[in-house]
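*Asks:* Here it is: the structure, laid out below.
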Amino acid sequence: MRFESFTFEKYGRVDSCTLSFPPGPGLAVIYGPNEAGKSTSLAAIADFLFGIPHNSPRGQVFGYDQMRLTAVVALADGTRLSLRRRKGRAGRTLTNESGQGVDEGLLARHLGSTGRERFCSLFGLDHNSLRTGGERLMAADGDIGRLIVEAGGGLRALVDVQEKMAQDADALFATTRAGHRRFYRALDAYQVADHAATEGLLTLDAYEETKRRCDEAQGMVDEIRSKQKEIAEWILRLQRLVRVIPTIRELDGVDKELAAFLDLPPLRDGFADAAKEALQALKLAEAALSEAKERHAALSAKIDALMQSEAILAAEASIRDIEEKAVHVRKARGDRANRQIELAEINAKLDVVRGALGLPPDADLEAMFPPPDTIARVQKLAAQGIERRAKMIADEKQLAKEDGTLAGLAERQSERRRAGTSEPLGATIAEFANLAELSRTIAGSERRAERIGQEIAKRVCQLGFENSDCFAAWSCPNGATIQSELDRRTRLDDEIAKIAERSAAESAKRDMAAGAIEHLLQAREIPTDASIARARGDREETWRAIRDRYLSERGEDVARRPIGDRKADVDRHRQQTEAADSLADRKSLDAKRVAALDLAHRQKAEALIAIESLEKQRKALDERRRKDVRAWEEAWPEAANRQSDLRRLKGLVEERGTILERFAALRALGEEVDQLHAEMAPRRWALEQAEAQLAVEIGGAASISERVSAASKAIKIHDDAYADFRHDEKAIRDVTLQRQSTKASLDALQSAGADWRTEWAPAVSALGLAESIEPERANEIATQWATAGGLLHGLKLTRERLRRMDDDEKELHEKIETVACALDFVLPEDGVAAGGMLAERLDGELKIASERQVLAVQLKEAMAEQDRKQQSREAALAKTAGLCGEARCEPADLEALALRCRQCSAAKVRRLALADTVRRSGDSLPVGILREQSAGRDLDNIKADLFQAEQDATRLISEMETALSEVQDRTRAMEKFSATGGINEAVAARESATAEMHDALERYVEISLAKDLLLAAMDKIRAEQQDPLILRASALFSASTKAAFGGIETDIDDHGNPVVVGRRASGERVSVARMSDGARDQLFLAFRIASIEQYCAAAEPLPFIADDLLVHFDDDRGAAALGLLAELGKTTQVMLFTHHRHVRKDTEAFVARNAANVIDLASA
Amino acid sequence: MVNFRFIHAADLHLDSPLIGLAKKSEDYAARLDDASRRAFDNLVALAIEEDCRLIVIAGDIFDGQWRDYRTGLFFVDRMRRLRQAGIRVVIIAGNHDAENRFANRLEYSDNVKLMSQRHPESLLIEELGVAVHGRSFPQRDIVDNIAIEYPSPVPGRFNIGLLHTACGGSEGHASYAPCALAQLVNHGYQYWALGHIHKRQELAKAPYIVYPGNLQGRSVRETGPKGATLVEVIDGDVARIVHCPLDVVRWIVEDVTVAGIETREALLPAVRERVELAYASCDGRALAMRLRVVGSTHLHAELAATAPSVREEIETLAVGIASNIWIEKVEICTSPSAASADIDPTVAGTLRQAVQSLAADPWLTLRLEARLKEINIKLPAGARRDELFQVLRIEGPEKARTLALAMIDQGQG
């Protein structure tokens, strides 16, 4: 595949560029300075062949839409393809010239299995790759496999990948144990987990053993529990015996007592008690009968002793009537004196009334008494008249007072109207409150504004501006812009300074190298290749002349030659031969000097190249700096004219900013002053108005504050007076209203007086009074009449009471006389006393009668009681007789018999109680059994046995605790089995470690086998390709080194690995490590070219693209390398991009030989 | 007849560890070590919740090699719980139980019936009208058709055949107590409760012949929902059967295709989608997942060469989705995209050919065996060596070939 032309549009920073490759030789040296688009061209070719990557950075300037890569390529089979590539989805970006889509396969099938990466690594080479490749050859020390792979195959990263994989494999597993290896870490974890799993395992045997021990412990507990039960029962038995034995002894005593009553007849239960009861009842019945008889006799005697008066009892009702009347009369007799006093007092009061009415002392008031409503009417009207008159007097006084008040107020208001204080002023003190302060503020601001203005004007002049306006209008960049420019220039200056430093360093290197060369050349001639060649050339030239003459057909030429000259020729030829041979012979001896000279030459050349490059860079930077300055001056002419120094300009601009800020502040201050003036103007006018209104005069030189103070005082006085005026106005209104009210009230009273008088005359005349009588007097008379009415009524009542007292006295006397005739004793004369006596005697008789009645009842009851007692005695006698019959004894023996019976019964009861006690104490066991158990046992012995048994019980409790503890421990051990016991965790951890080991080993085996495969594959390739590849590379290497190396050969290193070595022209073998850098680079290049030739022989040739490959080569080797590339150009197209003129110059020789073309990228 | 529900379970393999999960965090053990126990607890809870009257367990309650007696105690304890709930349990010993040292020496509560090892036995449960027939494995390797000897169905009863068998043979399972499906169908039972095969299968519906599968998946070979079968019997017929997932850790194998994925970065979102989908299907259970990256891609070489870091990235991603997701393994099964059929005359091409040729050569097998020999002496006996070696022998050469080719591709630069 050969590119005939290649155009890239809107690609990277290149708008459009076309490379036309002339027909003919395959080597095209594409020359272009830096920034000419060299790298862009390289990338564009790869993109054309393999598509523009999705994230290509080449679209940053023009975007992707118009990006186009167009090429005309000629294939090995003669086909020509004209294709265009655009950016887009993979597989749809290739078109023909007319824009129609073309199958990607059209290009792909000629690329074969070569992808972008392979193309770039195998068919692309730059000086860095070349140098790196050379260095890697040194590191590999000629390993053929690596040479083939890295140099020949472009697989420069394969060894790294291999080594990385080897490291990975080593970190996974090796037969040697190491802590960093993943397998062994997992193995450790496995072993720990496995140990834990084994330790934690509960086998059936272990479980059964534990269970057996648990059962044993439980059996021990059961056994002890059984013993405890037995001993507890034994203790209970002993304790029971201890409890019951004393009672059993007592029971035995009672049985002996009962034996003494065996002679008693068989009597029923309770006979003794019945006998005792019967005897006791008999005694009681006899005593009660005697007592009843005595009581009956006493009552009979008592009744007989009580005597009664039948006459008094018969007149009981009359006597009670007399007694009541006598009480009434006695009471009236006590009240009579009071009634007499009361009559005297009423008469005295009536005398007073008569006097008040002007009647004679004997006047019959009762006959003259007026009707009560007349008296009340006069009293009412009199009260009304008195009240109305008092009100009228008060109203008249109030009216006069209000008239006076109104007159006074009217006079004060008239005076205020005259003084002008009857109207408001229209101004307040507050309006002028801060007038003085405002005035001072304005004055201060004006002074500050003036000072700032002067300072600004002065500084502006100092900075060279005519005035502030010019200063403000000055066009200049801002600080950031200047700083940016300043930074840019500083960077440029820094770069220039660095270049100067590097240039100086390179000059020093050059001088050192020159000094070394001079030093080396000062000694005998150095057998460099050039000097040897030169010496041989001289020898050849001399020999050619001699030979020409010697072989000349014209023998006279030799003959004509003087013998001296011929000798001289021979000597010269011999000397030259010797010199050349000597030089050649010394080459190996002076190898060190030769190498030093080579090195010095190379260093000098490199230094010169570097100096030249640095000088170019410096010039470019100088030019760039000048352009920057010009651009700056064009952009900011005013600023540049005024200040060319950017730092000063920046300072000026920054100060300008400060001044402009102050200027703006000054303007703001002026505006503020104007605003204050505007604010103050209406207040000053108000002050003047107030001064005029209030006629304040304090002199023309008075300050604002003095004026404000005076005006304020005057305003306050005016405001106070005006407030008084308003207050009095309100008072006048209020008093006027009050007066109107008073007048109305007075008028109403006068009207009511007329009506009153109409009623007054008839009312007073009804009391016999004249119409003209004063109400007070009329009221007094009416009151006297009302009093007289009450007195007259009281007099009448008192007289009636005295009359009724006399009637009662008389009636009492008559009743006593009626009763007295039937009595057998004499009564007193006084009725009240007689009544009292009668009542007293009646009460005595009634009491005696009552006592007799009671005694009669008691006597009857005593008789009945006596009968009942008699019957009881007879019953008791009968019962006793019955018992005697039952016991077949005499009544006299009954009591003794009953006593013995009772004693016998008591003994039996006691025996029962004892037997019950024995039973209860003996845990309800029958007495017989208990007696049997206790038979023959001594209580002390039993207690001793009990003590021993309790000791045994205590011991068993202790044993039981131990056994229970054992059971608990063993049960706990059993319960632990219900949990997983950690074994599952351990097993899980073991499985985890196993998984880790498997994972590590799987990867290890994968990598190890892959490595084995690769090494074996490389061995196979070496075996198959080594000879042809080395043969071709050897020829190329020899050519590129101008035969300094005769070629390359294979050898075996100390480790037995096959390696390549260089063979010098002298036949000396040089290992790759001992080769110079340049030689190694050439070796690398030779292998690469040989490999590409091999590829091109088998597949569609692809262009080889070299980017500044020859940087590290000296002129001769550079030319030789060019020769190699030209040689490769015969096989496939070779594009050598370079920005070095000397490369272009060197190419001229090949161009002249029609072995290369030069394409100038700048003109493309 | 009495209507009732019963549960058919099998292959509990109690306390059998989960295989292949590397420890990723401290709570790893706490989450996974008792997975089989928690799954069985789920079974007990289900039986109580569904008011079941009977549970039949068709063998392999325990692991054959498992010696920790606590496992037996755990099972006995759960049997007591079922007794308290009034649930009868009928079990047969499977090949693993026969191999186990303690399985037949446990002291069960009276609600449990372990069927005889000597001959098929029938248990009549009067209150349910059920006859359960079954026989325990007397030893691990029963190769006879023991189902032939199973009793005839009891008339008027719901007959359940409890059998541990490789019915019809099944890949991956030993062919113990083999029998034919037709034989079971014709035996006359209403329900055959089978065990031994860990994958749930419904072999027939008339009558129902069912493998419920195991209760908890134990490795990546046992994927998907695991549990037991709930059977409802109405009027003497199976009215419905429901498979109830009871596992606590779900094993899933998912493929992530890289077709159309341009960059390594774009791979992770695709993985995330698969992992999230898989986790969502687990209903909150822990997820143990194997991811297979498949498809042809130009990333093939990169992925093959950096497989460990791919795995780490995926594990990190999984942790970000949920804390109870374990990535068991990430398999890079990709292939190079659109390999050219043209002869590659470059050194790389020749190298690739050489690798391909050598990989097909017995030489590589010899190299593998040499590596295995190295490993063999270091690997502990209990670390499932045979399993690993089997995997390595099957997959190792191919993986090595793929990696070597990837390294060649990576080497170009």
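The values are calculated or read from the model by the stated rules, or taken from the named source; none is laboratory data. In this text the structure is predicted, and so the values were computed from the model without any measurement. All Cβ positions, glycine included, derive from the backbone under ideal geometry; neighbour counts span all protein chains shown.
*Asks:* Within region B:320-353, which residues are within 9 Å of chain A (Cβ to nearest Cβ) and modelled with pLDDT of 90 or more?
*Replies:* Hits for region B:320-353 are B:328, B:329.
*Asks:* So, in region B:111-170, of the ones that are hydrophobic (A, V, I, L, M, F, W, C) and part of a loop (DSSP other than H, G, I, E, B), which residue ends up nearest to the chain's Cα centre (by Cα)? Spell out the reasoning first.
*Replies:* Applying the first criterion (hydrophobic (A, V, I, L, M, F, W, C)) to region B:111-170 yields B:112, B:114-115, B:123-125, B:128, B:130-132, B:137, B:142-143, B:146-148, B:154, B:158, B:160, B:162-163, B:166-167.
Next, from what is left, pick out any that are part of a loop (DSSP other than H, G, I, E, B): B:115, B:128, B:137, B:142-143, B:154, B:166.
Values: B:115: 26, B:128: 33, B:137: 22, B:142: 22, B:143: 23, B:154: 35, B:166: 16 Å.
Taking the candidates together, the pick is B:166.
*Asks:* Hey, can you tell me all the residues within region A:757-780 that are in contact with a Gly (Cβ under 9 Å, 6 or more places away or on another chain) and either surrounded by fewer than 16 Cβ atoms within 10 Å (Cβ to Cβ) or within 24 Å of residue A:364 (Cβ to Cβ) (or both)? Steps first, answer last, please.
*Replies:* If we filter region A:757-780 for residues that are in contact with a Gly (Cβ under 9 Å, 6 or more places away or on another chain), which is where we start, we get A:757, A:760, A:774-776, A:778-779.
Correct list: A:757, A:774, A:776, A:778.
*Asks:* Right, here's the next one. Scan region A:757-776 for residues that are charged (D, E, K, R) and at pLDDT 85 or above and jot them down.
*Replies:* If the condition is that a residue be charged (D, E, K, R) and at pLDDT 85 or above, then A:757, A:759, A:774, A:776 are the ones that fit.
*Asks:* Go through region A:1106-1155 and give me each residue that's buried (at least 23 other Cβ atoms within 10 Å of the Cβ) and assigned to a strand (DSSP E or B).
*Replies:* A:1106, A:1134, A:1135, A:1136, A:1137, A:1138
*Asks:* Test residue A:1022 against the stated conditions and say whether it is assigned to a helix (DSSP H, G or I), in contact with a Gly (Cβ under 6 Å, 6 or more places away or on another chain) and away from chain B (no Cβ under 14 Å). Quick ask: steps written out before the conclusion?
*Replies:* Details: assigned to a helix (DSSP H, G or I): yes; in contact with a Gly (Cβ under 6 Å, 6 or more places away or on another chain): yes; away from chain B (no Cβ under 14 Å): no.
Considered against the rule, which asks whether it is assigned to a helix (DSSP H, G or I), in contact with a Gly (Cβ under 6 Å, 6 or more places away or on another chain) and away from chain B (no Cβ under 14 Å), residue A:1022 comes out as no.
*Asks:* Sort through A:607, A:639 and tell me the only one that's among the small types (Gly, Ala, Ser), within 30 Å of residue A:505 (Cα to Cα), crowded, with 18+ Cβ neighbours inside 10 Å and touching a helix residue (DSSP H, G or I) at 6+ places or on another chain (Cβ under 7 Å).
*Replies:* Numbers: A:639 fails: within 30 Å of residue A:505 (Cα to Cα).
After ruling out the rest, the residue left standing is A:607.
*Asks:* May I pose another question? Just to be sure, is residue B:367 facing chain A (nearest Cβ under 9 Å) and either under 20 Å from residue B:308 (Cβ atoms) or touching a residue at least 40 places away in the same chain (Cβ under 8 Å) (or both)?
*Replies:* Here the answer is no, as residue B:367 does not meet what is asked.
*Asks:* Another question, then. Would a scan of region A:713-723 turn up a residue that is part of a helix (DSSP H, G or I), out of contact with any Ser or Thr (no Cβ under 7 Å at 6 or more places or on another chain) and of a type in the set (Phe, Trp, Tyr)?
*Replies:* No, the conditions are met nowhere in region A:713-723.
*Asks:* Determine which single condition residue B:81 fails, assuming it passes every other condition in (1) within 13 Å of chain A (Cβ to nearest Cβ); (2) farther than 14 Å from residue B:216 by Cβ; (3) surrounded by fewer than 24 Cβ atoms within 10 Å (Cβ to Cβ); (4) modelled with pLDDT under 95.
*Replies:* (4)
*Asks:* Just one of (1) under 23 Å from the mean Cα position of the chain (by Cα); (2) in contact (Cβ under 8 Å) with a residue 24 or more places away in the chain trips up residue B:268, so point out which.
*Replies:* (1)
*Asks:* Restricting to region A:996-1017, and then to whatever is closer than 20 Å to residue B:357 by Cβ and more than 7 Å from every other protein chain (Cβ to nearest Cβ), can you tell me which residue is surrounded by the fewest Cβ atoms within 10 Å (Cβ to Cβ)?
*Replies:* Checking each candidate, the answer is A:1015.
*Asks:* Still on this structure, please answer the following. With the checklist (1) more than 29 Å from residue A:530 (Cβ to Cβ); (2) touching a Gly at 6+ places or on another chain (Cβ under 9 Å); (3) surrounded by 24 or more Cβ atoms within 10 Å (Cβ to Cβ); (4) more than 7 Å from chain B (Cβ to nearest Cβ) in hand, flag the one item residue A:1059 doesn't pass.
*Replies:* If we test residue A:1059 against (1) more than 29 Å from residue A:530 (Cβ to Cβ); (2) touching a Gly at 6+ places or on another chain (Cβ under 9 Å); (3) surrounded by 24 or more Cβ atoms within 10 Å (Cβ to Cβ); (4) more than 7 Å from chain B (Cβ to nearest Cβ), just (3) comes out false.
*Asks:* Can I ask one more? What residue, of A:928, A:936, is of a type in the set (Gly, Ala, Ser) and part of a helix (DSSP H, G or I)?
*Replies:* Details: A:936 fails: part of a helix (DSSP H, G or I).
Testing whether each residue is of a type in the set (Gly, Ala, Ser) and part of a helix (DSSP H, G or I) leaves just A:928.
*Asks:* Further, regarding this structure: Filter region B:202-235 down to the residues that are within 27 Å of residue B:159 (Cβ to Cβ) and among the β-branched types (Val, Ile, Thr) and list them by number.
*Replies:* Passing the criteria: B:209, B:210, B:229, B:231, B:233, B:234.
*Asks:* Based on this model, can you work out whether residue A:816 counts as within 16 Å of residue A:326 (Cα to Cα) and either surrounded by 16 or more Cβ atoms within 10 Å (Cβ to Cβ) or not basic (Lys, Arg) (or both)? So that I can check it myself, show each step before the final result.
*Replies:* On the way: within 16 Å of residue A:326 (Cα to Cα): yes; either surrounded by 16 or more Cβ atoms within 10 Å (Cβ to Cβ) or not basic (Lys, Arg) (or both): yes.
Yes; evaluated as a whole, the condition is true for this residue.
*Asks:* Out of A:269, A:252, A:215, A:273, which single residue is over 30 Å from residue B:371 (Cα atoms), away from every other protein chain (no Cβ under 11 Å) and in a loop (DSSP other than H, G, I, E, B)? Step through it out loud before you land on a result.
*Replies:* Details: A:252 fails: in a loop (DSSP other than H, G, I, E, B); A:215 fails: in a loop (DSSP other than H, G, I, E, B); A:273 fails: in a loop (DSSP other than H, G, I, E, B).
Criteria check complete, one pass: A:269.
*Asks:* Sort through A:193, A:197, A:189 and tell me the only one that's surrounded by fewer than 20 Cβ atoms within 10 Å (Cβ to Cβ) and small (Gly, Ala, Ser).
*Replies:* Numbers: A:193 fails: surrounded by fewer than 20 Cβ atoms within 10 Å (Cβ to Cβ); A:197 fails: surrounded by fewer than 20 Cβ atoms within 10 Å (Cβ to Cβ).
That would be A:189, the only listed residue that is surrounded by fewer than 20 Cβ atoms within 10 Å (Cβ to Cβ) and small (Gly, Ala, Ser).
*Asks:* Additional query: Which of the residues spanning region A:184-199 are at the interface with chain B (Cβ under 8 Å from one of its Cβ atoms) and either charged (D, E, K, R) or not in a helix (DSSP H, G or I) (or both)?
*Replies:* A:194
*Asks:* From the list A:625, A:647, which one is in contact (Cβ under 8 Å) with a residue 40 or more places away in the chain, over 56 Å from the mean Cα position of the chain (by Cα) and more than 26 Å from residue A:711 (Cβ to Cβ)?
*Replies:* Numbers: A:647 fails: over 56 Å from the mean Cα position of the chain (by Cα).
A:625 is the lone residue from the list that is in contact (Cβ under 8 Å) with a residue 40 or more places away in the chain, over 56 Å from the mean Cα position of the chain (by Cα) and more than 26 Å from residue A:711 (Cβ to Cβ).
*Asks:* Here's something else I'd like to know. Filter region B:386-413 down to the residues that are within 13 Å of residue B:371 (Cα to Cα) and surrounded by 15 or more Cβ atoms within 10 Å (Cβ to Cβ), then identify the one that is nearest to the other protein chains (Cβ to nearest Cβ).
*Replies:* As a first pass, look at region B:386-413 and keep what is within 13 Å of residue B:371 (Cα to Cα): B:388-389, B:392-393, B:396-397, B:400.
This time we only want the ones that are surrounded by 15 or more Cβ atoms within 10 Å (Cβ to Cβ), so: B:388-389, B:392, B:396-397, B:400.
Details: B:388: 5, B:389: 10, B:392: 5, B:396: 5, B:397: 7, B:400: 3 Å.
Once the filter is applied, the top-ranked residue is B:400.
*Asks:* Take the residues of region A:978-995 that are at the interface with chain B (Cβ under 7 Å from one of its Cβ atoms), buried (at least 20 other Cβ atoms within 10 Å of the Cβ) and not aliphatic (A, V, I, L, M): which is nearest to residue A:151 (Cα to Cα)?
*Replies:* Among those that are at the interface with chain B (Cβ under 7 Å from one of its Cβ atoms), buried (at least 20 other Cβ atoms within 10 Å of the Cβ) and not aliphatic (A, V, I, L, M), it is A:994.
*Asks:* Being farther than 30 Å from residue B:362 by Cα, among the hydrophobic types (A, V, I, L, M, F, W, C) and surrounded by fewer than 14 Cβ atoms within 10 Å (Cβ to Cβ): is that true of residue A:1036 here?
*Replies:* Numbers: farther than 30 Å from residue B:362 by Cα: yes; among the hydrophobic types (A, V, I, L, M, F, W, C): yes; surrounded by fewer than 14 Cβ atoms within 10 Å (Cβ to Cβ): no.
No: the conditions fail for residue A:1036.
*Asks:* Of the residues A:831, A:844, A:789, which is exposed (fewer than 15 other Cβ atoms within 10 Å of the Cβ) and out of contact with any Ser or Thr (no Cβ under 8 Å at 6 or more places or on another chain)? Step through it out loud before you land on a result.
*Replies:* Details: A:831 fails: exposed (fewer than 15 other Cβ atoms within 10 Å of the Cβ); A:789 fails: exposed (fewer than 15 other Cβ atoms within 10 Å of the Cβ).
Of A:831, A:844, A:789, the one residue that is exposed (fewer than 15 other Cβ atoms within 10 Å of the Cβ) and out of contact with any Ser or Thr (no Cβ under 8 Å at 6 or more places or on another chain) is A:844.
*Asks:* Does residue A:135 satisfy the condition of being acidic (Asp, Glu), within 19 Å of residue A:1037 (Cα to Cα) and either within 14 Å of chain B (Cβ to nearest Cβ) or within 60 Å of the chain's Cα centre (by Cα) (or both)? Show your work before the answer.
*Replies:* Working: acidic (Asp, Glu): yes; within 19 Å of residue A:1037 (Cα to Cα): yes; either within 14 Å of chain B (Cβ to nearest Cβ) or within 60 Å of the chain's Cα centre (by Cα) (or both): no.
It is false that residue A:135 is acidic (Asp, Glu), within 19 Å of residue A:1037 (Cα to Cα) and either within 14 Å of chain B (Cβ to nearest Cβ) or within 60 Å of the chain's Cα centre (by Cα) (or both).
*Asks:* Residue A:956 is checked against (1) buried (at least 16 other Cβ atoms within 10 Å of the Cβ); (2) more than 7 Å from chain B (Cβ to nearest Cβ); (3) under 30 Å from residue B:359 (Cα atoms) and fails just one. What number does that condition carry?
*Replies:* Condition (3) is where residue A:956 drops out.
*Asks:* I'm checking my understanding of the structure. Among residues of region A:561-591 that are modelled with pLDDT under 75 and out of contact with any helix residue (DSSP H, G or I) (no Cβ under 7 Å at 6 or more places or on another chain), which one is surrounded by the most Cβ atoms within 10 Å (Cβ to Cβ)?
*Replies:* If we take residues in region A:561-591 being modelled with pLDDT under 75 and out of contact with any helix residue (DSSP H, G or I) (no Cβ under 7 Å at 6 or more places or on another chain), then A:590 is surrounded by the most Cβ atoms within 10 Å (Cβ to Cβ).
*Asks:* So, one more: Can you tell me which residues in region A:1046-1060 are under 16 Å from residue A:139 (Cβ atoms) and part of a strand (DSSP E or B)?
*Replies:* A:1059, A:1060
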